[in-house]
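Input: a single structure, listed below in structure tokens.
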Amino acid sequence: MYIQYRGFSVEATSRVYAYHVIDPAQGSREFTVDVQTDAFRSSSLKIQDGPGMCYARLKQELDRETDESPADTHLRVTQYDIQIYIEKTYPKPVKKWAAGAAS
């Protein structure tokens, strides 16, 4: 499977990211992934994260599809999707304790 990012458009309250998918089993298909504009203001999500986060959301949907239940062609990124993306992309540093340090 080949997923190509095609760009985005800015709507009234969201950014819509476009992808072209080529799959030998399914053929060529077009998908869009919608992210609310507020998501970039109210979290540590950066505008530059949009294409990668939407790619991850699309890939997740494509990996789950079956012949009986094909992937939706228009997807939305949820707050949960954003949280998971941030945790994977910007993991919190692990605190290292010095040996012999007093508690």
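The values are calculated or read from the model by the stated rules, or taken from the named source; none is laboratory data. Nothing here was measured: the structure is a model prediction, and the numbers come from that model. Cβ atoms come from the backbone with ideal geometry, glycine included; neighbour counts cover every protein chain shown. Accessible surface areas use protein heavy atoms only, side chains included; no ligands, DNA or RNA. Shrake-Rupley method; radii C 1.70, N 1.55, O 1.52, S 1.80 Å.
Could you please let me know if Tyr80 is open to solvent by less than 90 Å² (accessible area, probe 1.4 Å), under 13 Å from the mean Cα position of the chain (by Cα), at pLDDT 90 or above and closer than 27 Å to Met1 by Cα? Write out each step before concluding.
Numbers: open to solvent by less than 90 Å² (accessible area, probe 1.4 Å): no; under 13 Å from the mean Cα position of the chain (by Cα): yes; at pLDDT 90 or above: yes; closer than 27 Å to Met1 by Cα: yes.
Here the answer is no, as Tyr80 does not meet what is asked.
Annotation: of all residues in region 20-60 being of a type in the set (Ser, Thr, Tyr) and within 12 Å of the chain's Cα centre (by Cα), the one that is surrounded by the most Cβ atoms within 10 Å (Cβ to Cβ) is Thr32. Figure legend. Inter-residue proximity from region 14-41: first residues in contact (Cβ under 8 Å) with a residue 60 or more places away in the chain, second residues open to solvent by 80 Å² or more (accessible area, probe 1.4 Å) and of a type outside the set (D, E, K, R), beta-carbon distance below 7 Å, spacing 6+ or different chains. No pairs are indicated.
Take the conditions of a type in the set (Lys, Arg), out of contact with any Ser or Thr (no Cβ under 6 Å at 6 or more places or on another chain) and assigned to a strand (DSSP E or B) and apply them to Arg57. Does it pass? No, not satisfied.
Just to be sure before I move on: is Asp63 open to solvent by 40 Å² or more (accessible area, probe 1.4 Å) and not basic (Lys, Arg) in the structure I sent? Let's see the steps before the verdict.
Details: open to solvent by 40 Å² or more (accessible area, probe 1.4 Å): yes; not basic (Lys, Arg): yes.
Yes, satisfied.
Of the residues making up region 83-93, just one is under 15 Å from Leu58 (Cα atoms) and either of a type outside the set (A, V, I, L, M, F, W, C) or loosely packed, with under 11 Cβ neighbours inside 10 Å (or both), namely Tyr85.
Only residues that are of a type in the set (Ser, Thr, Tyr) and open to solvent by 30 Å² or more (accessible area, probe 1.4 Å) were counted across region 1-19, and they come to 4. When Ser28, Ser103, Ser69, Ser43 are checked against the criterion of being hydroxyl-bearing (Ser, Thr, Tyr), at pLDDT below 95 and within 24 Å of Gln4 (Cα to Cα), Ser69 stands alone in meeting it.
Filtered by the rule that a residue be in contact with a helix residue (DSSP H, G or I) (Cβ under 9 Å, 6 or more places away or on another chain) and either within 13 Å of Asp34 (Cα to Cα) or of a type in the set (A, V, I, L, M, F, W, C) (or both), region 55-73 gives Ala56, Arg57, Ala71, Asp72.
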